[in-house]
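This report refers to the structure that appears directly beneath it.
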Amino acid sequence: MSKYVFTFGNGKADGKADMKELLGGKGANLAEMTNLGISVPAGFTLSTEVCSHFYDHDKNYPPELEQQVLEALKNVEDMMAKKFGDSKNPLLVSVRSGAAVSMPGMMETVLNVGLTSKTIPTLIDKTQNPRFVYDAYRRLIMMYSDVVMEKAAGVEPKDGFGIRERLEGLIEDRKKVKGVELDTDLDGDDWKKLSVAFKKTVKDVLGEEFPDDPYDQLWGGIGAVFISWNGKRAISYRRIEGLSNEMGTAVNIQAMVFGNTGETSATGVAFTRNPATGENVFFGEWLSNAQGEDVVAGIRTPNPINLAGKSDKNQHLLSLEESMPELYAQLDRIQNQLGIHYRDMQDIEFTIEDGKLWMLQTRVGKRNGAAAIKIAIDMYDEGLISKEETLMRVNPAHVDELLHPMVDPSAEAEIEVLVSGLPAGPGGASGQIVFTADDAEAWASEGKQVVLVRNETSPEDVHGMHAAAAVLTAKGGMTSHAALVARGWGKCCIVGCGALNINRAEKIVDVNGQTLNEGDWITLNGTKGNVYRDKLPLVPADPLNNESFRRLMELADEVRSLGVRTNVETPEDAEQALIFGAEGIGLCRTEHMFFDPKRITAMREMIIAETEKARRIAVMKLLPFQRKDFYKILKAMDGFPVTIRLLDPPLHEFVTLNDDQIANLAIELSIDEHLLKARIENLHELNPMLGHRGCRLGIAYPEITEMQARAIFEATVKLTQEGVEVFPEVMIPLISTAAEFRHQEAIIRQIAKDVTKETGTKFSYLVGTMIEIPRACLTADEVAETAEFFSFGTNDLTQTTFGFSRDDIGGFLPTYLENQILPHDPFQSLDQTGVGQLVEMGVKKGRLVRPDLKVGICGEHGGDPDSIDFCHRTGLDYVSCSPFRVPIARLAAAQAVLRNK
Ligand code: PEP
Ligand code: MG
């Protein structure tokens, strides 16, 4: 018989930490903590196999499940010395989700399951605290009706008002009647009356009675958690995070402990190291007399857990260290134990019930990029993790974050702070204010930069948070939903900005005597927690002054075998790339050197020339510019190879002109306007991406290739004479046949000979080609007979393999992603199954003929970690990417070695 249910409690558990796939992260870690002797309320986990069975069998459970659940529940009853649904000593349980990979807040939870008309009086009797019991009961009704009776049942809220919002409205009404502000100002009688009103509203709105049978509640909760696995927000979270839909969630049923029974009770969330900076100090927040959701939901602003967590913003709030020193010491010992046991920063949840500490969760804590890198390097130095683990600990996206901009300090010094809050996600960002997640998404899709301003966020808002440049909330603490989610993405975020008075209906926010409207610009300094009016300038990040970053890059370089080059066209960008560790230029797009107004006229003159003679004259005007460009860029890369690609412009890009511009160009070039217009019309192509571009241009107009080769070699000679080490690699674009390559190669080699003869200076160079058309891959052996290197242009190779226009994919890609026809944008991350085969074939065929063929990649994929892993496996020599992705590529290349060992 299959085992579907795994028990934990009283120091013994069926599971352990490495059973995450079966028990989910939460279940596996509850088992592990239990085995470590840490006090965890007893419970049991329904494995992810139940979830798979549920979805494979039309939402039915395995037949043996019910019996196993009842036995496990009996076990928990024995361990807790309480009975589920009992009128003498009732056991209450929580029902929570838990997938193998943490999806914070994306799935459902029901607490206080087991409160019924039979158990309520007993509990009041036992606790002598009717307020606590009715508060727990109304929370159960609220969660259960929302999660089970509405969401899981697929009920669409009437007029957009969900049951939870309606019930919350009843609480607000009650507070108004009583003239109080806080939930804590309501007494037992209020909560009792509210429970009655809640049940009536549930019946009226949802048409069903709130269940009064504990087992109905339990199975209702279990089913809702499984259904929430395929809820809208869980699916969208998995899509954003690139997580598989297959793994399923487990369900954890656990004895309830209460942090809200009175002043000797408390609850909190903490991290074993600071998740914002990585500093090795215990960091967290707590609330006395509260339930865990109060901390995370940001309904009350929580207190710092210890003295170390105090800042000028929360100075006045009592820490747990001060309030309950013994329990704090115990918690501190446990967090230390967990940090060392798991050898990673942990995110823990605890509850203190009447002076007893219970651990409710431990999991690897989310952190931002700077913290991830610092924690990894610190743990390496502390001897907790190996070099390999250190490198695998940091996500390449974390490195990216470090390269993000900050608010310009000089501009910041000039302007008054509009409002401040808690610095939840560091870095700077500015954007136009929007008040709903849907607006954030819609505005962003129009290319606008937005800041999502909310009272607090909920998992319903993730799509808008993702689309926004930054998130600003009026409520909540450093562990609130907004803070956790934003930090996970490395997004700039400020929370708990109490002075914000948001009027969502009117789309305005009043703050410190000023009114801001939807669409107004603000700037956030997420590192300090300050908000400013207007759009302030940002300065680029300064990762080079980050010691941990530098060390991480050094470790990566020790391990990786792929070279990392960069795609640049200017000496300034080349310098930047060198600073980031580039080992050469993998792609210099020469057509990008002509967007300057002075040059573009010469370029246009060349394009529209009708005779070879006219073209030669125009081309020779470009020679001095090109020679100077190549001189500078080769000099900047002293000692490193520089791949210069011959002109590859889709011609239309240079001659898309309106009537006025045509008239002006006609004057500049002293030709007849009508003739010019006719010539431009002649050049018009229906499919410019598949038109007269790449080597087709150099073949039709060899004088262009001659000029470029001459410019490269003359610059090479000059630098050689100056003692600079130069390694030019001349690259021919967009070939589909070996004959095309040979045609261009002959011109280049002839010019090299001419230049050597003219100058008496010898130099070495390579001639190679872009491989970016399927036919070039299929015939790579023929091409490699004379080509000395290949560079995969996977932008065009993706375009031509799929037959998707690079420029037009935006029209249908969203639909493709939504319908899971494509797992991701193939222009961002290489389609390894399809396009990848062509790359593999190209490498294999090329090296068959020329074993030392140098092979790289210079499409956008050269900076994408998954694609870099592929390049490593395929035996490429290097990847080439934009300067700001060079550090990401260095780390990803090291990780590829470790992953594929
Ligand atoms: C490519 O096609 O991958 C490439 C690098 O060239 P471009 O993007 O300039 O067409
Ligand atoms: Mg290309």
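The values are calculated or read from the model by the stated rules, or taken from the named source; none is laboratory data. Computed from a prediction, not measured in an experiment: that's the story for all the values here. Here Cβ is always computed from backbone atoms with ideal geometry, including for glycine, and neighbour counts include all displayed protein chains.
Kindly establish whether residue 703 is over 41 Å from the mean Cα position of the chain (by Cα) and more than 16 Å from ligand 2 (Cβ to nearest atom). Yes: the conditions hold for residue 703. Any residue that is crowded, with 24+ Cβ neighbours inside 10 Å, out of contact with any Phe, Trp or Tyr (no Cβ under 7 Å at 6 or more places or on another chain) and in a helix (DSSP H, G or I) - is there at least one of those in segment 840-860? Within segment 840-860, none of the residues are crowded, with 24+ Cβ neighbours inside 10 Å, out of contact with any Phe, Trp or Tyr (no Cβ under 7 Å at 6 or more places or on another chain) and in a helix (DSSP H, G or I).
Each row is one residue, and each column tells you yes or no for (1) crowded, with 16+ Cβ neighbours inside 10 Å; (2) hydrophobic (A, V, I, L, M, F, W, C); (3) within 16 Å of ligand 1 (Cβ to nearest atom).
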site	(1), (2), (3)
715	yes, yes, no
736	yes, no, yes
746	no, yes, no
763	yes, yes, no
768	yes, no, yes
779	yes, no, no
786	yes, no, no
789	yes, yes, yes
793	yes, no, yes
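Are any residues in segment 698-713 touching a residue at least 60 places away in the same chain (Cβ under 8 Å) and within 16 Å of ligand 1 (Cβ to nearest atom), and if so, which ones? Within segment 698-713, just 708 meets the criteria. Criterion applied to 846, 842 was being among the small types (Gly, Ala, Ser), away from ligand 1 (no atom under 14 Å from the Cβ) and touching a helix residue (DSSP H, G or I) at 6+ places or on another chain (Cβ under 7 Å), and the one residue passing it is 846. Can you tell me which residue in segment 128-139 is nearest to residue 112 (Cα to Cα), limited to those that are surrounded by fewer than 23 Cβ atoms within 10 Å (Cβ to Cβ) and in contact (Cβ under 8 Å) with a residue 60 or more places away in the chain? Of everything passing the filter in segment 128-139, 139 is nearest to residue 112 (Cα to Cα). Take residue 680 and tell me if it is touching a residue at least 12 places away in the same chain (Cβ under 8 Å), in contact with a strand residue (DSSP E or B) (Cβ under 9 Å, 6 or more places away or on another chain) and more than 16 Å from ligand 2 (Cβ to nearest atom). When the stated conditions are applied, residue 680 does not pass them. Kindly indicate whether any position in segment 448-455 is farther than 21 Å from residue 539 by Cα, among the polar types (S, T, N, Q) and at pLDDT 85 or above. Yes, some residue in segment 448-455 is farther than 21 Å from residue 539 by Cα, among the polar types (S, T, N, Q) and at pLDDT 85 or above.
Only one of the numbered conditions (1) more than 16 Å from ligand 1 (Cβ to nearest atom); (2) surrounded by 16 or more Cβ atoms within 10 Å (Cβ to Cβ); (3) of a type in the set (Val, Ile, Thr) is violated by residue 732, and that is (1).
Tallying residues that are outside any helix (DSSP H, G or I) and of a type outside the set (A, V, I, L, M) within segment 861-893 yields 8. Could you go through segment 36-48 and let me know if any residue there is part of a helix (DSSP H, G or I), under 18 Å from residue 226 (Cβ atoms) and among the small types (Gly, Ala, Ser). No; the residues of segment 36-48 include none that is part of a helix (DSSP H, G or I), under 18 Å from residue 226 (Cβ atoms) and among the small types (Gly, Ala, Ser). Scanning segment 247-267 for residues that are more than 20 Å from residue 90 (Cα to Cα), touching a residue at least 40 places away in the same chain (Cβ under 8 Å) and of a type outside the set (Gly, Ala, Ser) yields a count of 5.
All but one of (1) surrounded by 13 or more Cβ atoms within 10 Å (Cβ to Cβ); (2) modelled with pLDDT under 85 hold for residue 658, so report the exception by its number. (1) is the only condition that residue 658 fails. Those helices (runs of 4 or more DSSP H) of segment 339-407 in which at least 1 residues are in contact with a Lys or Arg (Cβ under 9 Å, 6 or more places away or on another chain) and modelled with pLDDT of 95 or more, considering only elements entirely within it, cover 369-381, 387-393. Being touching a residue at least 24 places away in the same chain (Cβ under 8 Å), over 22 Å from residue 567 (Cα atoms) and more than 16 Å from ligand 2 (Cβ to nearest atom), is that true of even one residue in segment 805-818? Yes - at least one qualifying residue is present in segment 805-818. Within segment 401-416, can you find the residues that are farther than 21 Å from residue 514 by Cβ and either in contact (Cβ under 8 Å) with a residue 12 or more places away in the chain or within 26 Å of the chain's Cα centre (by Cα) (or both)? Hits for segment 401-416 are 401, 402, 403, 404, 405, 406, 408, 409. Select from segment 299-322 the residues that are out of contact with any strand residue (DSSP E or B) (no Cβ under 7 Å at 6 or more places or on another chain) and touching a residue at least 24 places away in the same chain (Cβ under 8 Å) and write down the one among them that is surrounded by the fewest Cβ atoms within 10 Å (Cβ to Cβ). Applying the filter and picking the extreme gives 308. Check residue 723 against each of (1) away from ligand 1 (no atom under 16 Å from the Cβ); (2) under 15 Å from residue 589 (Cα atoms); (3) assigned to a loop (DSSP other than H, G, I, E, B) and name the one condition it does not meet. Of everything listed in (1) away from ligand 1 (no atom under 16 Å from the Cβ); (2) under 15 Å from residue 589 (Cα atoms); (3) assigned to a loop (DSSP other than H, G, I, E, B), residue 723 misses just condition (2).
Within segment 417-462, how many residues turn out to be touching a residue at least 40 places away in the same chain (Cβ under 8 Å), not in a helix (DSSP H, G or I) and not hydrophobic (A, V, I, L, M, F, W, C)? Result for segment 417-462: 15.
Among the residues of segment 803-813, none qualifies, meaning not one is within 30 Å of residue 546 (Cβ to Cβ) and either within 16 Å of ligand 1 (Cβ to nearest atom) or touching a Lys or Arg at 6+ places or on another chain (Cβ under 8 Å) (or both).
Residue-wise test of (1) within 25 Å of residue 577 (Cα to Cα); (2) within 16 Å of ligand 2 (Cβ to nearest atom); (3) touching a strand residue (DSSP E or B) at 6+ places or on another chain (Cβ under 8 Å); (4) not small (Gly, Ala, Ser).
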residue	(1), (2), (3), (4)
832	no, no, no, yes
840	no, no, no, yes
848	no, no, no, yes
851	no, no, no, yes
856	yes, yes, yes, no
870	yes, no, no, yes
875	yes, no, yes, no
880	yes, yes, yes, no
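Restricted to segment 601-648, and to residues there that are within 45 Å of the chain's Cα centre (by Cα) and polar (S, T, N, Q), the residue that is farthest from ligand 1 (Cβ to nearest atom) is 601. Annotation note: of 226, 198, the sole residue that is in contact with a Cys (Cβ under 9 Å, 6 or more places away or on another chain), buried (at least 18 other Cβ atoms within 10 Å of the Cβ) and under 30 Å from residue 437 (Cα atoms) is 226.
Residue 173: surrounded by fewer than 17 Cβ atoms within 10 Å (Cβ to Cβ), of a type in the set (Asp, Glu) and on the phi < 0 side of the Ramachandran plot, yes or no? Criteria met by residue 173. Of the helices (runs of 4 or more DSSP H) contained entirely in segment 141-247, those carrying at least 3 residues that are touching a strand residue (DSSP E or B) at 6+ places or on another chain (Cβ under 6 Å) and modelled with pLDDT of 95 or more fall at 214-228.
Residue-by-condition table, conditions (1) of a type in the set (Ser, Thr, Tyr); (2) assigned to a helix (DSSP H, G or I); (3) out of contact with any Phe, Trp or Tyr (no Cβ under 9 Å at 6 or more places or on another chain):
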site	(1), (2), (3)
32	no, yes, no
53	no, yes, no
62	no, no, no
73	no, yes, no
87	yes, no, yes
97	yes, no, no
